[in-house]
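Colleague: Sharing a structure below in structure tokens format, with a few things to ask.
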Ligand SMILES: Nc1nc2c(ncn2[C@@H]2O[C@H](COP(=O)(O)OP(=O)(O)O)[C@@H](O)[C@H]2O)c(=O)[nH]1
Ligand SMILES: [Mg+2]
């Protein structure tokens, strides 16, 4: 069971259409052996949560360059809980000012990967979080 | 290392929630079924109890080459079936990289749904070199969806290579999606694609060449069709939903014909 | 290890000689001679006296918060010596949603200014004389509607439309290739763009109704050659569609404008601008038979490459921007935006915007590069690159035509796949450190936080409140009738501009008009070729 590939839902939350970054991340996660479920542009928090639940994802990665993270991330956390997947770790990528990182973490975000994060660190983060999330699930 | 007792407990708990209609239990059981590990026997016996007394679903395979518009068609069918008050599940299968085992599963991009709608379920599956572009336990996953109570189950798979026969094994009706492209008909026939299909959908009929493709397919099938009569060929534009109603009608007819032929 | 191919993967020789010069036919001068600035095919620039006659327009993109907030920033920039305005709209406006739409949550006034209706546009330009300032508006899917707001705002200032100067981006094709701010499917999107071109040719002859944009294509990771080819083929597509409407080439071609990226690869960028002018001039004169010289001249705005900015050591971005800006000027741009050093981190602060503008002023007034037109003309290297880029573009044009044209290639995902594979190659080169990026994969230093712009959380509720009040004050029957008229025009083949303008006068909002349009035109999900 531990061999089952890590499943990651990747989504663009909100209205911005900049997908160059999330595309790169999708590719490297795939090349690292993960199953990457991409849900497309313009997702709402509830759509993402539904995808995480039905796809039984181990982690969810959100790309958001619109600066709306302080509004949209709490919506997402609530939606994940409502779908019964509040335990799934949330990774936020995109433009997040340093000062907002602790705020997001307090809301329940597992990792914030700002601009300039290496691809290695991105892969490592998803791997660690997925492992932790599965271990927690089995207990 | 897993403890067999706790594994059995876990399955039991999941089955309990599954029976109570908890979609998360369905999602998790699919993961357990899909991981190809040694507990598939346990899951199969569990399935027998879960499925007991349940109505069977109409299972429709959607096959065709990458980019033909299978996901777009699946999305259109979901809309069509929801509008008719039927609940639908979609199993979208895409190949994993044989080297890394990783996969990019992008079929959800095309599916529009109301996140509050309990009557839709979409699951993306990576297939690893298994026959027919289906996961090894595809039949069990489909039975899970059926046992959960979906009226209709759509199975999207890339019908590549020689081994698409597997879709025949799980679907009641197979729809082959092709696109207008002069001269490819012979290739489809050679590849044996036409044989496995019950209905052939010429998608992207908003583009030039759809009429010609449909006509030459019909001609080809008339020659090879024999007594059984040839399979219906229908032009659709999955992107707008045009022709989807007609296509669904043919799917239902094909199901009746098939169930007569295979008692 | 050092590398000797460009960031676009073009191989560069150790040195260039007369043997590398192109052999342009006829009008470009004698073989090997690139001709003179201000003459066909304008490789060397569209004016003989170039910046001696008139400097480029220094146009910094700005917009955030409410119409009042941005109005203040505009006046600040005009005060500092900026010569044109450029409006950045917020994401909901760009996607054609009203500020009170649930999907707009958290994004109102965040990355640009929130404009819902003509009254907002009027407040945006309060005390700014629209007859005297030239305004650029970066907006695409809802461009015709925002144009209608602008025309109504001018009307309310008592200014005739034929006095208005400025540019509407209005280039929906590149949204499908790169930027992802499309709403309607490709065909109706192009139709809407051409509606504005047609309308302006008749009623706002000084306005540039479209800014055919390669900038975003490049930002998505394309090569210089792809940026050039895809932008020009999009331009040709608009021309074809306008001609199909029965417009005469010389009635609208002089008002077409372009928008390119000014990236790091100094000489290749200059060559790209030069090649663009030459290709366009030949097409307009030789293929479309344009008689008016203004139709032959490709005018362009340039912006330094946002994607080249790095979060690490943001001060270094100032240096990148300066070189990129110099490439744009040596390439003969008509207007220029220089990015601020902190733009990867947040909206720019006033200090960083000022520095970015100062960069242009130093270029214009201190470096002397403006003293003569096309100072690099005749350089073996630059002329050879110009020629290569032109050939590369022509190869793409032929391939796209073979595949059924621009709209087909959008639908099949061709553009996106081409761009994605170029972006992936570049990414690998950076990862493997084949390409050095200062502060990122070499010369690394510990992070140094810099002050960033703080968004004002009261903007969104304020804008929603104002919008609700406005909606309540309108006559619902009139609004409904205006929207019905939009639906009816959309279902037919009439130009939609008059219906938008009449609706704008009634303060019908952008979100209302867009959803009326979507009822008829449909909405587009995502193009193919995602990976
Ligand atoms: N013109 C046209 N394009 C379509 C149609 N259906 C699907 N497409 C496009 O074809 C591409 C591939 O579609 P998709 O459903 O992902 O194909 P799949 O790989 O078979 O699942 C997408 O760009 C769709 O927008 C159609 O009816 N007409
Ligand atoms: Mg698909």
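The values are calculated or read from the model by the stated rules, or taken from the named source; none is laboratory data. This is a predicted model, so every value here is computed, not measured. Glycine also receives a Cβ, built like all others from the backbone with ideal geometry; neighbour counts cover every protein chain displayed.
Colleague: For residues in the stretch B:134-143 being more than 18 Å from residue B:86 (Cβ to Cβ) and in a helix (DSSP H, G or I), which is farthest from the other protein chains (Cβ to nearest Cβ)?
Modeller: Looking only at the stretch B:134-143, we keep the residues that are more than 18 Å from residue B:86 (Cβ to Cβ), and these are B:134-141, B:143.
Remaining after also requiring in a helix (DSSP H, G or I): B:138-141, B:143.
Values: B:138: 16, B:139: 19, B:140: 15, B:141: 12, B:143: 17 Å.
Across the stretch B:134-143, the extreme among qualifying residues is B:139.
Colleague: Here is a follow-up. Out of the residues in the stretch B:204-215 that are crowded, with 20+ Cβ neighbours inside 10 Å and part of a loop (DSSP other than H, G, I, E, B), state the one that is nearest to ligand 1 (Cβ to nearest atom).
Modeller: B:204
Colleague: Among the residues that make up the stretch C:183-201, is at least one of them farther than 21 Å from residue C:489 by Cβ and modelled with pLDDT of 95 or more? I'd like the intermediate steps shown before the answer.
Modeller: Taking the stretch C:183-201 first, the residues farther than 21 Å from residue C:489 by Cβ are none.
Within the stretch C:183-201, none of the residues are farther than 21 Å from residue C:489 by Cβ and modelled with pLDDT of 95 or more.
Colleague: Something else now. Can you tell me which residue is surrounded by the most Cβ atoms within 10 Å (Cβ to Cβ) among those in the stretch B:114-133 that are more than 14 Å from every other protein chain (Cβ to nearest Cβ) and away from ligand 1 (no atom under 15 Å from the Cβ)?
Modeller: Checking each candidate, the answer is B:132.
Colleague: Suppose we filter the stretch B:102-133 for residues that are at pLDDT below 90, farther than 23 Å from residue B:78 by Cβ and part of a loop (DSSP other than H, G, I, E, B); how many remain?
Modeller: So the answer is 3.
Colleague: Let me ask something else. Restricted to the stretch A:123-137, and to residues that are modelled with pLDDT under 95 and within 14 Å of another protein chain (Cβ to nearest Cβ), which residue is farthest from residue C:313 (Cα to Cα)?
Modeller: A:137
Colleague: Oh, and also: I'd like to check which helices (runs of 4 or more DSSP H) are fully inside the stretch C:71-187 and have at least 3 residues that are in contact with a helix residue (DSSP H, G or I) (Cβ under 7 Å, 6 or more places away or on another chain) and surrounded by 24 or more Cβ atoms within 10 Å (Cβ to Cβ).
Modeller: Correct list: C:118-124, C:143-156.
Colleague: So in the stretch B:230-247, with the set limited to residues that are within 14 Å of chain C (Cβ to nearest Cβ) and within 16 Å of ligand 2 (Cβ to nearest atom), which one is modelled with the highest pLDDT? Let's see the steps before the verdict.
Modeller: From the stretch B:230-247, those within 14 Å of chain C (Cβ to nearest Cβ) are B:237-242; that's our starting set.
Filter again for within 16 Å of ligand 2 (Cβ to nearest atom), leaving B:238-239.
On the way: B:238: 93, B:239: 87.
Here the residue is B:238.
Colleague: Which of the residues that make up the stretch B:67-96 are touching a strand residue (DSSP E or B) at 6+ places or on another chain (Cβ under 7 Å), more than 14 Å from every other protein chain (Cβ to nearest Cβ) and more than 16 Å from ligand 1 (Cβ to nearest atom)?
Modeller: Across the stretch B:67-96, the qualifying residues are B:81, B:82, B:86.
Colleague: Applying the selection to the stretch B:48-66, what residues are surrounded by fewer than 16 Cβ atoms within 10 Å (Cβ to Cβ) and either within 8 Å of ligand 1 (Cβ to nearest atom) or assigned to a loop (DSSP other than H, G, I, E, B) (or both)?
Modeller: First, the residues of the stretch B:48-66 that are surrounded by fewer than 16 Cβ atoms within 10 Å (Cβ to Cβ): B:48-49, B:51-56, B:66.
Correct list: B:52, B:53, B:54, B:55, B:56, B:66.
Colleague: What number of residues in the stretch B:49-70 are more than 16 Å from ligand 2 (Cβ to nearest atom) and in contact with a helix residue (DSSP H, G or I) (Cβ under 9 Å, 6 or more places away or on another chain)?
Modeller: Summing the residues that are more than 16 Å from ligand 2 (Cβ to nearest atom) and in contact with a helix residue (DSSP H, G or I) (Cβ under 9 Å, 6 or more places away or on another chain) in the stretch B:49-70 gives 10.
Colleague: Can you tell me which residue among C:230, C:259 is in a strand (DSSP E or B) and modelled with pLDDT of 95 or more?
Modeller: Result of the check over C:230, C:259: C:259.
Colleague: Looking at A:28, A:8, A:52, can you tell me which residue is modelled with pLDDT of 95 or more, under 21 Å from residue B:97 (Cβ atoms) and either more than 7 Å from every other protein chain (Cβ to nearest Cβ) or part of a loop (DSSP other than H, G, I, E, B) (or both)? So that I can check it myself, show each step before the final result.
Modeller: Numbers: A:28 fails: modelled with pLDDT of 95 or more; A:52 fails: under 21 Å from residue B:97 (Cβ atoms).
Of the residues listed, the single one that is modelled with pLDDT of 95 or more, under 21 Å from residue B:97 (Cβ atoms) and either more than 7 Å from every other protein chain (Cβ to nearest Cβ) or part of a loop (DSSP other than H, G, I, E, B) (or both) is A:8.
Colleague: Considering every residue within the stretch A:32-42, establish whether at least one is at the interface with chain C (Cβ under 10 Å from one of its Cβ atoms), in contact with a strand residue (DSSP E or B) (Cβ under 8 Å, 6 or more places away or on another chain) and over 16 Å from residue B:105 (Cα atoms).
Modeller: Yes: one or more hits.
Colleague: From the list C:374, C:387, pick out the single residue that is in contact (Cβ under 8 Å) with a residue 40 or more places away in the chain and in a loop (DSSP other than H, G, I, E, B).
Modeller: Only one candidate passes the filter, namely C:374.
Colleague: May I ask you to say which residue of B:90, B:73, B:145 is more than 11 Å from ligand 2 (Cβ to nearest atom) and at pLDDT 95 or above?
Modeller: B:145
Colleague: So which of C:411, C:392 ends up being away from chain A (no Cβ under 14 Å), within 24 Å of the chain's Cα centre (by Cα), under 30 Å from residue B:239 (Cα atoms) and in contact (Cβ under 8 Å) with a residue 12 or more places away in the chain?
Modeller: None of the other options fit; the residue is C:411.
Colleague: Considering each residue of the stretch B:157-203, count those that are modelled with pLDDT under 90 and away from ligand 1 (no atom under 15 Å from the Cβ), and give that number.
Modeller: 19
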